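Take a look at the structure set out below.
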Amino acid sequence: MNNRTSMSVPKGASTVRSVSRRLRIAAAVGLGALVAGCAQDAPQNTFDPAGPNAQRIQNLQVPVFIIAGIVGVITLSVIAFVVWRYRDRGQAIPEQTHGKPALEIGLTILPALILIGVAIPTVSTVFALAETDDTECVINVTGQQWWWEVDYPVQDGCGGISAPIVTSGQMVLPVDTPVLVRGTSRDVIHSWWIPRLNGKRDMVPGRVQTNRMQADEPGIYAGQCTEFCGLSHANMRMEVIALEADDFEVWKANQLSDYESPTNELALAGESTFIAQCSRCHQVNGLTDGDGDPIVSRPDLNVYSGAAPNLSYLMTRTTFAGAMFDLLTPECRADVWEAPPDEFGERYLEGVTPECLNRVQLREWLRNSPAEKPMYTDPNELAATNGLPRGMPYLALSEGQIDELVAYLLERK
Amino acid sequence: MSDATINPADAAPVGSDAPAEHMAIPAGYDDGQDHIGLEHHTSTGLSNTKLAMWLFLGSECLLFGGLISTYMLYRNRRADTLGPDQLWDIPFTSATSFILLMSSLTMVLGVQAAKRRDDRNTRLWLTVTALLGGLFLAGQIYEFTVFYREGLGFTTNLFASSFYTLVGFHGAHVSVGIIMLMATVGMLLRNRVHGNKAETVEMIGLYWHFVDIVWIVIFTLVYLIPA
Amino acid sequence: MAIIERPTDTPALAPSGGAPAVTPTRSYGYLRRPVQTTGWRSWAFTVDHKKIGIMYGVAAMLFFVVGGVEALFIRLQLAGPEGTVLSADAYNQMFTMHATTMVFLFVIPMAAAFANYMIPLQIGARDVAFPRLNALSLWTFVFGGIFLNTSWFLGGAADGGWFMYAPNSAVPFSPSNGVDYWTLGLLITGIASLVGAVNLIVTVLNMRAPGMTMMRVPIFTWMALVTQFLLLFAMPVITVALVLLLFQRNYDATFFEVAEGADPLLWQHLFWIFGHPEVYIIVLPAFGIVSEVLPVFSKKPLFGYPFVVFSGAAIGFVGWGVWAHHMFASGLGPISVAVFSVATMAIAVPTGVKIINWTLTMWGGKLRFTTAMLFATGLIVMFTIGGLSGVTHSVAPSDTQQTDTYYIVAHFHYVIFGGAVLGLFAGIYYWWPKVFGKLLNESWGKANFWTMIIGMNLTFGPMHIVGLQGQPRRMYVWTENRAGDGFFNIGFWNLVATIGSFILAVGVLFFFINVWVSRKNPPAPADPWDARSLEWMAENPPKEYNFERTPTVHALDEMFHRKYEDVGEGDAHDYVKVATAEEIQAVETANRDDHVHLPSPSYWPIVLSFSLPVIAYGIIYSTLLVIVGLAIATVAMFGWALEPPTADDSEFESPEGGDGGEPSKELVASV
Ligand code: HEA
Ligand code: HEA
Ligand code: CUA
Ligand SMILES: [Cu+2]
């Protein structure tokens, strides 16, 4: 268990902390046996906290699991003993005793006491994790079938954000900074869950919910929508990207940088294809039409839930379409995901280079997105949604158009 | 047994002159209950039907509890469409509520008549009860049409939907009560009530009073307490 | 049949031979009463609680296979990464219908089967309080279940998950008719449960044999009683939710439409206020069954009977105050979360009481591990595991890591399969001779048990691991990217779970094989297990009227006390058998009641039930059908009201006597 974890526990937690330290020893003992011999846990392992909020839960759940384990072992051992000891070996009919109230009351009170012991730290943890006024940065997430939009409102937090930043699928945040995620949904209920950073919180349409996020180290923290939200619920993933403060500044500056016009023929052709085919749904900041007027996408008129990912800086992310697919080839992906914390920021900020682009998958997506990700886009079956698709429809692009679009998108970073 | 199946159509009607001696019904069985066995008595002393009615009404409490909660949650959700304060006509609804209350009284009279085995008066009071219920229902329908004309459709807003659902459910209960009352009157007339008439009437009475009490709650929460 | 007449000193009723039967001579309502005693009519129109119980059981087992096959599809799809057995859409329908079928069409009806069959026998009654209502419950459930499942063939089944959260259940998000089928189907089966609950509660409260005080009521009946109370109060709550959803989907109401200002959490509250009591509805009957089985095969009374009774009642009460533990992540605010978290822990106490008392029942006993006993012991072990993972959920902050992952799926399959289903199988093996007069084969039974235990642990055990490794539930695919590697590798354990589920299926298949191979077994002895409660005083299978005479009860475990006497001095106990079950039954027969009135079969329950799916189809497709359905219902209700529950004597031709002088009990059972 690393030191930064305990140092970054917020101040208000001192009461919990003294308890938690002792518990952590127990935790180490208990989990040690389990963790040993395991190569690499799944990225969404719930017993592998990487920030103070998840750590707080860890400090609670490890002892609870141990207690449950002990109670289980005792109970099952007693049953095993009874089964073995009292099996019928021809003994006489036993005494027809109807019970021993004292024993029973005792055995009722004992579990009650154990549970009171569990209840007290539970309640204090509940309140600690509900705290919202000690955070230093606000990031909004909006769930939508079947991807997350992430946006950064103008604020002093997060080192100052001067203009709104909108991205999707990946939430970038500075390390060691308590972040308040405020979330909602545009259609059905989704659930925001980055297991290594905190427990989950449902994002309910019509409500704003909060979730604390804080990472101790740079890296990618995988997550997954965990409230069943329809067809592609399984494909609605997300990641939190934690960057050192200075890397975060770089990322921010890039997200607010000006539009860069395409630099080559193909990409230039891609720009006009994009304007013709895509910009009614997808915003690219700074894109202008022939008259120099900004092109504003209207996903609200074209998608049932009312939004589509902002593609201005698509290639700064490493996954797309609800983090279902990698924008990086497998080798490049491993490079980023497995980068040691001190090199991670650099690798991530490189974004998607032409060599690393997962062209196959991106082309498949453009060729026929509904075939890649189950969505509700069949024009014949959209009566219930006034003809609007849920997700990205099939656009019947030619291979040539796809070439152009890939070239164009490759420069969106 | 060769063939124990009997086609009812083949069975010659023999009339009611079947040998009576071994058909004797044990004393006290004629209580009209669906219960079985020789004992007239029940373990709790309450008759089966009555107990069943109480249980059913207990269950109904939760049904109305759920509907009322929904209404209370949504009563103010109406954006800038119509809401209670523009619509309620308290004097009118009070009058219909009073009629429904009175029907509880006539129901009591009906039950008492039934207990005295006074069929004539039982029929009379049950009919009056049904009529009062019908009057209440007519008032409600009138009220609904007024609201509807003023622009409050079932789907106008959340308040409307939950209001119509709640009050409509209550109205449906009243209607069922009226049907039961009238059916009983009809069966009394033709002497087709099985078993204990007083108890049948009493059971309907229980139901009727329950529906009334629910109305008092609804009237208070929905109409009287300002939104 | 209506009247069972056994005047011991009356001569033959009629000289001629032929079928002994009574014939209705007057029609009530619109039709003559049904009188068939064989063939399908004797089942379709019966009001006998035992026949109804059997039909409940058979129908429930069929639905178990349906739900199980759906589960196997789920497991096949998840066996490897990026599964392709099912499409996303089919998968979503699959788990929704799997859960709906298992919960509403298998476990609840199976428990109803036992309750129907056993309660009157356990309390010394001749039938339930309202036999026709009983038939109504059965057929309403059967038609409701069929209705629900026809959605597969009519445009697709419901796809919103078994708790059907709003607003995902709204038309734009689920445009097929599946959710409508689901809503209407559950409304219909809800009526079945509600009617059944009223009926069984009245039966238990009112129809106990003389001397059977509440504290002498067999424990299964007690637990079934608590279950019925839970149903009585839970069903109306989900009814409200379903009605709101129905109005939203079919009549444009906006109860869950956020754009109109609705609050989607309303659905969650309504659903779980029903849904949590529901899980105890699922498990309490099984608890009752093992509380019967364990004492019998331990040759000891249930340890702390009053504690078990009161803890059951306590579960019934506290179960109403914990629903929001299913909503720990939905943003209720810390106060509610803390309250519900603690309340949930509290419910582990009365449940623990049961585990402890069962263990102490076995302690010091004389344990015979028949198949029934194996299932009961299996329940204690498996349920404890599931219960303890339940306690880890109750710790709200931890639950935010667990909710909607496979760790939850593991929890509830351990408590449901390891609790309810094992308990129901214990009951099947235990009461099979009572119901069918034959024993099931013990070797096949043991094979059945062990394959099921191994299968269930292989299926659901790994789900703890994949859940804690972060695999969410309700995912039609999982991806290698998030699987990790090494010992806790999600891929490996998913494969194990799939293999386990097929072993489990083989276990279930062994049960059906057992039923088949046991069909020609010789008649079972009157008291094959040396049982303790009243139902074993009736014959195997019981006569239509259950008991030769209404028994008088002197003690809890009446049957045991009639069989055994304690001849020990002072503190020393020495139990000697003073009577066999055959002897006890012989005494009863010798003193049988002369007059037994049983209710008469009736057409109306099944007709009335039939009208419900007609109305439901009508709501989905055409108002005309609604009218037809309502017409059928009206006819049925008037027919019902005009028909006396027990046919009048005058309605019947005299029973044409079969075998002369000797009053024939056969006659009784067959007419
Ligand atoms: C048979 C049904 C059944 C039963 C009996 C239980 C029993 C319990 N359940 Fe379970 N539960 C379900 C069926 C059931 N559950 C289902 C179906 C769901 C999921 C629904 C869905 O989302 O689809 C669910 C979900 C569920 C959740 C929500 C999880 C989530 O979605 O986030 C929670 C949270 O608290 C919970 C808790 C409990 C607890 C504390 C018990 C307790 O009653 C358990 C008590 C038992 C024991 C504790 C073991 C024996 C006791 C002892 C040996 C004594 C000593 C013990 C101690 C000192 C601890 N259950
Ligand atoms: C009573 C309740 C019950 C029962 C008994 C079961 C039994 C089983 N369940 Fe169930 N399950 C639920 C209730 C239940 N489940 C609920 C409530 C959910 C949540 C759904 C949701 O999220 O909405 C769920 C979800 C659920 C999932 C998660 C799906 C997901 O989240 O994506 C899985 C996955 O493995 C699963 C598997 C199984 C398996 C393998 C069995 C096995 O035990 C099944 C065993 C039975 C058989 C295998 C039958 C086999 C019989 C034969 C093959 C006989 C051969 C044929 C003839 C004789 C003709 N269940
Ligand atoms: Cu979004 Cu599940
Ligand atoms: Cu629960």
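Here is the interface size for C with A: some 8100 Å² of accessible area buried, both sides summed, with a 1.4 Å probe. Principal semi-axes of the equivalent ellipsoid, √(5λ) from the alpha carbon gyration tensor of the stretch C:32-547, are 35, 27, 24 Å from largest down.
Please compute the per residue accessible area over the stretch C:32-547 with all protein chains in place, 1.4 Å probe, rounded to a whole number of Å². Mind dumping the intermediate values first?
Details: 12410 Å² over 516 residues.
Counting only protein heavy atoms, the per-residue value for the stretch C:32-547 is 24 Å².
Counting Cβ atoms of other protein chains within 10 Å of each Cβ in C:245-254 and taking the mean gives 3.
Residues of the stretch C:219-239 whose accessible area, computed with a 1.4 Å probe over protein heavy atoms, drops by at least 20 Å² once all protein chains are present relative to their chain alone are C:Leu232, C:Phe233, C:Pro236, C:Val237. In summary, the convex hull built on the alpha carbon positions of the protein assembly as shown has an orientation-averaged projected area of 53.3 nm². List the relative contact order of the stretch B:48-224 as a percent without decimals, with contacts defined as Cα pairs under 8 Å and 6+ residues apart. Here the relative contact order equals 34 percent. Counting 0.36 nm for each residue step from C:Tyr251 to C:Thr150 and taking away their Cα separation leaves a gain of 34.1 nm.
Using a simple spin-label model with pseudo-atoms 7 Å out from Cα toward Cβ, C:Ala590 and C:Val567 lie 2.1 nm apart.
Per atom type, the stretch B:48-224 shows carbon and sulfur on 67% of its accessible surface, probed at 1.4 Å.
Chain B packed on chain C takes about 5700 Å² of accessible surface away from a 1.4 Å probe, both sides summed. Rounded to the nearest 10 degrees, the angle from helix C:422-436 to the longest Cα principal axis of chain C is 20 degrees.
Applying a DSSP loop filter and a limit of 15 other Cβ atoms within 10 Å to the chymotrypsin sites (Phe, Trp or Tyr not before Pro) in the stretch B:64-104 leaves nothing.
Note on B:Asn121 and A:Leu301: their simple-model spin labels are 7.8 nm apart, each label 7 Å out from Cα toward Cβ.
Taking every residue in A:114-121, how many Cβ atoms of other protein chains lie within 10 Å of its Cβ, on average? Average per residue, whole number: 5.
As I understand it, the dipole of chain C uses +1 on the Cβ of Lys and Arg and -1 on the Cβ of Asp and Glu, about the Cα centre. Which of C:Ala348, C:Gly390, C:Tyr430 lies farthest toward its positive end? The residue sitting most towards the positive pole is C:Gly390.
Computed from backbone phi with θ = phi - 60° and the Karplus coefficients 6.51, -1.76 and 1.60, the 3J(HN,Hα) list for the stretch C:140-145 is 4, 4, 4, 5, x, x Hz; x is used for glycine and proline. Which of the aspartates and glutamates could a cross-linker span from C:Lys299 if the Cα-Cα distance has to be under 16 Å and same-chain partners fewer than 8 positions apart are dropped? Excluding near neighbours in sequence, the set is A:Asp88, A:Glu95, C:Asp527, C:Asp530, C:Asp557, C:Glu558, C:Glu565, C:Asp566, C:Asp574.
Accessible surface of the stretch A:135-413, 1.4 Å probe: 49 percent of it comes from carbon and sulfur atoms.
Counting only helical runs of four or more DSSP H residues, what would the 222 nm mean residue ellipticity of chain A come to if each run contributes -39,500 (n - 2.57) and the total is spread over all its residues?
-13000 deg cm²/dmol
DSSP assigns beta bridges within the stretch A:140-221; of those with both partners inside it, close to 80 percent run antiparallel. Between the amide H of A:Ile189 and those of C:Asn168, distances stay under 5 Å, these residues lying 5 or more places away or on another chain, with hydrogens modeled in the peptide plane. Between C:Phe310 and A:Asp291, the modelled labels are 8.3 nm apart [label points 7 Å from Cα along Cα→Cβ].
Rounded to the nearest 20, the size of the Cβ-charge dipole of the protein assembly as shown about its Cα centre is 2580 debye, with Lys and Arg at +1 and Asp and Glu at -1. Under 5 Å from the amide H of A:Arg87 lie the amide H atoms of C:Leu367, each residue being 5 or more positions distant or on a separate chain, with H modelled from the backbone and absent for Pro and chain starts. Helices in chain C, meaning DSSP H runs of at least 4 residues, each add -39500 (n - 2.57). Divided by all residues, the mean residue ellipticity at 222 nm is -20000 deg cm²/dmol. With a 10 Å cut-off around each Cβ of C:168-176, the average count of Cβ atoms from other chains is 6. Taking the DSSP beta bridges with both ends in the stretch A:135-413, the antiparallel portion is around 70 percent. Once backbone amide H atoms are built at 1.01 Å from N, C:Val596 has C:Ile4, C:Arg6 as its partners under 5 Å, excluding neighbours fewer than 5 places away on the same chain. Residues in the stretch C:298-305 carry Karplus couplings, in order, of 9, 6, 9, x, 4, 5, x, 3 Hz; the curve used is 6.51 cos²θ - 1.76 cosθ + 1.60 with θ = phi - 60°, and Gly or Pro positions show x.
What the phi angles of the stretch C:562-572 give under the Karplus curve with 6.51, -1.76 and 1.60, with θ = phi - 60°, is a coupling list of 6, 8, 10, 10, 8, 9, x, 9, x, 7, 7 Hz, glycine and proline written as x. Taking all protein chains into account, the per residue accessible area for the stretch B:48-224 stands at 42 Å² (1.4 Å probe).
Which residues make up the longest stretch of chain C clear of GluC sites (Glu not before Pro) that lie in a DSSP loop with no more than 16 other Cβ atoms within 10 Å, not counting the sites? Here the longest run is C:83-568.
Tally the DSSP beta bridges in the stretch A:96-244 and give the antiparallel ones as a percent, rounded to 5. Let's see the in-between values first.
Details: 24 of 36 bridges.
Bridges in the stretch A:96-244 that DSSP calls antiparallel: roughly 65 percent.
By the rule of a C-alpha distance below 30 Å, with chain neighbours fewer than 8 residues away ignored, the lysines paired with B:Lys115 are B:Lys50, B:Lys197.
The values are calculated or read from the model by the stated rules, or taken from the named source; none is laboratory data. Everything numeric here is computed off the predicted structure, so don't read it as measured data. Here the Cβ is made from the backbone with ideal geometry for all residues, glycine too, and neighbour counts use every protein chain on show. In case anyone asks, the SASA skips ligands and DNA or RNA and just uses the protein heavy atoms, side chains included. Shrake-Rupley method; radii C 1.70, N 1.55, O 1.52, S 1.80 Å.
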